[in-house]
Every structure is written in structure tokens, then in C-alpha cells.
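A short reminder: the numbers here are calculations on the coordinates, not readings from a lab. Everything numeric in this text was worked out from a predicted model, so none of it was measured. Cβ: placed from backbone, ideal geometry, glycine included. Neighbour counts: every protein chain shown.
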Amino acid sequence: MAFINYTTSQLTIKIVYYGTGLSGKTTNLRCIQEKIDPASRSELICLETETERTYFFDLLPIRAGYIGHFKATFQLMTVPGQVYYEASRKNVLVGTDGLVFVADSQIPLLDANLESLESLRRNFKEQKTDLAAFPLVFQYNKRDLSNLVPVETLNNLLNPQGAPYVEAAAISGLGVFETLKEIARLTVPRVREKIFGPEGGDSPRVGRKEDLELI
């Protein structure tokens, strides 16, 4: 559930990027940090190992205008992809409002993607949350490489429920903001309705060169 600070009239919406190790979760956040208006974001916080792999999480807060009379912030976070950081992933998922599953499109990583998605389902089940009814966007990353799983196959295996998906090459920025826009489109109305009821508040905006409108 989104965090509300009534004293400062601030609303924080938590978006988590989930996926196997080296799938491109941190690359997404770095791309957003580089291309978004500096006035609309804080610094990217990365807790990494000596080999530049996420150890606990990455965090990038970006300001997103107003929802009702609350100043809204998207708190973009990643989870560590390596299987031995399962406890860390569980901790990061607590209080999540929306999910981006970043899948590595390369054929040798298909099993790893399936295992990561299963761990996500398992962690959500422990939190008594139905993943099928949760705001979720699939990002099929690294589409600029060779030896790729076809998108149709990825959808059949990872996304049989037909959630929104985006083809991406996060290293070059392709699909990064499209993914962010899609998860915001799914998440914000849900948060707004929980807080304000069916009438809700105004839709927020995030500044990126052309003042990218997320909703």
C-alpha cells in the first residue's frame, strides 16, 4: 500500500523491478535517472557488490506531480536477482504497489526467468497477495541481442494471463520509459481509488525532456 505522510502531504508509490540476475533491472533505473529532468528525481542509490551486481536493492525516487492534494513520488526499487538473496527480495517486496518483471530475452536464460517468476509468485503467496490481480508489467529486455526467445513464446510461458508487456533494450533506453508509463498507468488508479475512493484525484506527471505524461 502506498505510504502517506499527512504532515507533509506526501504520497509515496512503490514500484519494484523484479527479475533474474543481470536481466537489466538496475540498467532501467540508471536510464531513467540519466534522461529524466533532474528537478523531478533524487539520486540513484545502488548497494552493489565488488562485481557491480545488486546486493540488496537499488532505489530511485522520482517526483510525479499531485494526486489530489498530495505530492506524489514514485519510489522505484530493484531486487537482487541471485537466488541466494531470497530473503532480501522478500523484504523489498513488502508494501509494493506495482511490479515490473524484467525478463532476459536470451535463450540460455529462459529457465532462470521461469525460476525468478516462480519465486515472485511464492513470495507474494506468503504475503497473501494474488499476483494475477496485481499491477504487473512484463519487460522483455535485451531484444537488441541475438539468440533470443520469440516474444510469443515469452508470453506463453511467462505471461499466460495477458498482462501488458514491453519489448526493450534497456542499455540503449529502448522501452524503458514505455515500461514506466505502463506500470504507472496500472498502479496509480488503484492507489488513488484506495485512498480517495472511486472519484480519485488528478493524474500525476513525470518530467522527461518533453514532460513525459505517465498516465
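Odds and ends about this structure:
- Assigned charges on the beta-carbon of Lys, Arg, Asp, Glu; the range 3-196 dipole about Cα centre (debye): 700
- When TYR17, TYR140, TYR6 are arranged by Cβ crowding within 10 Å, least crowded first, meaning fewest neighbours, the order is TYR6, TYR140, TYR17.
- Sorted ascending by nearby beta carbons within 10 Å, beginning with the fewest, LYS14, LYS181 become LYS181, LYS14.
- For the set LYS71/LYS125; LYS14/LYS90; LYS25/LYS71; LYS128/LYS181; LYS71/LYS181, the pairs lying more than 22 angstrom apart at their alpha carbons are LYS71/LYS125; LYS25/LYS71; LYS128/LYS181.
- Ordering of 19-25, 152-158 by packing [mean C-beta count within 10 Å, highest first]: 19-25, 152-158
- Per-q log10 I(q)/I(0), the range 3-196, q = 0.10, 0.13, 0.15 Å⁻¹ (Debye; single scatterer per alpha-carbon; no solvent): -0.38, -0.66, -0.88
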